[in-house]
Each structure stands twice: as C-alpha cells, then as structure tokens.
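Structure first, then comments.
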Amino acid sequence: MNTKPDLAEKVGELKEQLVKDLMDLVSIASVYDGETFKLQPVKDAANKCATLLKGTKVEQKCIGDKDRNAPLVYATCGPDNPPKGTPTVLLYAHYDVVKAGDWGEAAFKPVIEGNRVRGRGAADDKSGVMMHVGAVRAFDGKPPVNLKIVLEGEEESGDTLETYVRKNADLFKADFVVIADAGNYRLGEPTFTTSLRGVVDVDVTVSTVGIPKHSGVYGGPVPDAFMVLVRMLARLLDDAGDVAVPGLVREHWQGHEPVEQEFRKEAGVLGGVRLIGTDTLGSRLFDKPSLNVVGLDGVPSMKDSINLLRSTVTARVSLRIAPKEKPEDAAALLRKFLESSALNPWNAKVTVKPVDAGGAGFEADTTLPGFAVARSAMMHAYPGKDVTFTGDGGSIPLVTQLQTINEKSPLLLIGCQEPTCLIHSYPESVDIDELATMALAECYLLDLLGSGAKATGLEAMAPTAVPAGR
C-alpha cells in the first residue's frame, strides 16, 4: 500500500488539538430552525468551521435567504502543481445539530468522560467536520488530490442544500464523494453504509364537528375527531406490526445482519417488549417501510385537559420508504390509504397534505472500483479488520442528489457515529480514538487516490476486490 509512512504519526500528533477544537465547536449551540433571531449561533459555528480549515481557500456561500439560512462553508485545496488526471474528492459534513431537549444548557458544555467527548453534536455531525479537518491538517493543507470541502448548517431541519446543489452542480462535481454523516456498525469495526431509506411526511387532518362539544351532552353518537384519528393511525400497521399501506416497495436485505440482542440494547427496548414486523431484522431496518407519528395538533396537554369532544385534529405521519421507492409514489399510496373508507368507516372529513417533496433513498454501487480503494484505506487504519457493509434506516436526501450529479463516482458513507454515540439522544458523545482513526482512514484514502493520479481512471487503484454490499 503506497501510503506515506508518517500519516499515522501525524494524526497522532494532531489528536489532542482535534479534540480541543471539537469541544469548542460543540460549545456553539448551532440549532438551525429558520428563525432570524436564533441564527447567530449557527453563523458562529460556520465561522468556527472556516477558521478550522486554515490552509484552504474557504468561503461562506449564501444558499437561500441570507437572513434566514445557514451559511454554506465551502473550501478547496490541493497540490501546488497537480499532475494531469489528479482526482477531485468532495468531503461533506454538517455543523448544525438537533435541539438539546431535556438535556438543557448542559448539552452545549462539552466534557471528556473516559475516552469520549460528550455534548450535543459531538458525534452528529461535528465529529464528521473534525474528521475532514484532521485530514486537511495531516497534509498541511496540501493533500495529493483536489479537495472540495462542503460543511452545511441545515441538514437536521429539512435541508435547503439540495436545491442549491441542483442549481450549482459544478461546485459539487467530483471523482469521489465522502459523506461523513454515518459510522461503524460497532465501535472499532470499519463499516461502509451502502443503503439509506427515503422519507415521506404527510399531515392528516380529521374533522367531525364544527367546534368542540361537551363530551357529556354529545358523547356517544357524535364521533370525537381524535378518537377517529387514533383508529385510523392504528390501522396503518397490521397485526404483525408491518406497514399496512398497500403497494409500497418491500425488499429483503442481503448485507450485514444486525444481532437482535445487541440491537435491543442499543435501542433501549424495555424487557418483555416484542419487536414488531416480519422478515429479518436487517430487512425491517434497511429495506422495508416503517411508520410513526412525529407531531400532533388539536389535542390539549394534560394540564389543559377539558371534557370536550375534539372537533379537528392533525397528526404528522412520517413514512420511511425502501431505498428503491420513489417518494412521490409513496406519498400517493399513503394518501390514498388514509382517505379510504377502510380507515374511515364513519365518513369523517379527512384531508391529507404532504409536508414537503420528501427524500429519496440511496443504494451505493459497490462495484465501482473506488470502493476497493476505500476498503484498503479503511483496513489500513483498522489493522486486522475487514470492512463490513451495512445499511441505515435513516434518510439523507442530499446523498441522492450528490449521486445524481456524480453518477459514475463512488459515494462513500462513513464516519464516527457508532451506536454508543447515542445521536439525537442523551448523553450524545463520540469516542476519541474512533475520531482519530477515521481521520487517519480518510488520510489513507486521499493518499491512495492521489497516488493513482497518473493512472487512467480509478480502475488502476483497486488493489482488492470488494464483496457484494447487498
């Protein structure tokens, strides 16, 4: 393997500073929600990212309304005199985070506990930012490939970057794309994520009476809108727990199969609670639809409870779809089912509206030769271990957009977010050694890609075969 012998030593020297910079970045409450008066912390995080990319040509681009959108940090760097054929590599991560929730202000006061940095965004996805920063620093800002580094601030909130990418495709074209918003299936086990489900959200509104009515005077014959809605929602799953919407794509997962006992522990499933659905656990997680309710309007809180029949209620239904399902098809099928008499025998007024256009799923083409290069780089960073190919039940719609404009380029999903990180939960954290090792793996990848610059295409850089990803 033609990697520079000092890369591991260099990353080792950088490790302490990477951790310090990660903690500084985590301390910025970069929760983007589109509100002008809350945008400053997001801008502060963008400025911090720009500072961290010292040694690159970095700028902040406006991807929408400058007063309501997070800046896109876009940086480039490469060798001084790149030989003909030097590949272009795009590195992506996001610096925005989900809300702290019950964690409160402590979420943005990062601490080191054992070998982990704890704080909101420490893993998702500020570890991805620092992974890229570590690679840039290891090469002193002059990697052997032409780098495009893309750090955005709206991924967690319904991304606007997809539209910007479509309109500015040349900025995002590359011979190899690395998305650092995934991770290893288990701490210390090198992993490629080769499959993502898509997502469709709809708001279903049920109305039964003009205004709320006294439940004692009218209850019985007059249907309560919320009870009608509950009945409809319950029928979205069959008795086994599978999504009951007819016509949706359902596939069988062929890749790495999760261990149920480990999965139950990671998910925090209570003792005695049975898992739902049929087929293998991998199929249920990665290749079949799943459904849940993510929001509710029209029902008072417990402290505001009152004896009234609810007149109008709305639920936001989120449907995860198989990687090959088209979002518009899934939305139409879900709407048809929600509006059917099978779910509404009492003929309540039902309206279904899509929340947005939805996001498509993703399947990597692991036969592209660049995957063999990436596999070698990962195995070099994790000596003695081969790469596991797995899926992710989550959705990253931007990935599909990047694949569309880079149709023949390998798109690699990797990162530092293994299960014990507890992303979007409490207490989110990232393993320090995992961060350093993934930064090293990225260094090896860039070095391998750069060493093949004189070859014709990536084919000449494929030192080993890649097993089927599915």
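General remarks:
- Whole-percent carbon and sulfur share, accessible surface of the chain, 1.4 Å: 52
- At an R0 of 41 angstrom, the distance between the Cβ atoms of Lys336 and Asn168 translates into a FRET efficiency of 0.65.
- The listed peptides 303-312, 225-234, 439-448, ordered by packing as a protection proxy, come out as 439-448, 225-234, 303-312 (highest mean of other Cβ atoms within 10 Å first).
- Legend: calculated FRET efficiency, Val259 to Val293, from the Cβ-Cβ distance at R0 = 30 Å, rounded to 0.05, equals 0.55.
- Relative to the Cα centre, the charge distribution of segment 240-342, modelled as +1 at Lys and Arg Cβ and -1 at Asp and Glu Cβ, gives a dipole magnitude of about 280 debye.
- Taking the C-alpha atoms only, the angle from helix 7-26 to the longest principal axis of the chain is near 40 degrees.
- Counting only alpha carbon atoms, the long axis of helix 432-451 and the longest principal axis of the chain meet at about 60°.
- In this structure, the residue pairs whose Cα-Cα separation is over 23 Å, taken from Lys265/Lys324; Lys142/Lys167; Lys126/Lys167; Lys84/Lys173, are Lys265/Lys324; Lys142/Lys167; Lys126/Lys167.
- Across the protein chains, with a 1.4 Å probe defining accessible surface, the residues Arg284, Arg120, Arg375 rank Arg284, Arg375, Arg120 from largest area downward.
- Looking at the chain, the accessible area is 45 square angstrom per residue; that uses a 1.4 Å probe and ignores ligands, DNA and RNA.
- Distance between segment 348-390 and segment 432-454 - C-alpha centres, whole angstrom: 19
- When nucleic acids and ligands are ignored and a 1.4 Å probe is applied, Trp253 ends up with an accessible area of around 10 Å².
- Selection from Ile321, Val200, Ala332, by position along the positive dipole direction of the chain (Cβ): Ala332
- C-alpha long axis of helix 370-381 to longest principal axis of the chain, angle in °: 80
The values are calculated or read from the model by the stated rules, or taken from the named source; none is laboratory data. All figures in this text were calculated on a predicted structure; none of them were measured in a lab. Don't worry about glycine lacking a Cβ; one is built from the backbone with ideal geometry, like all the others, and counts go over all protein chains shown. These area figures cover heavy atoms from the full protein model, side chains too; ligands, DNA and RNA do not enter into them. Shrake-Rupley method; radii C 1.70, N 1.55, O 1.52, S 1.80 Å.
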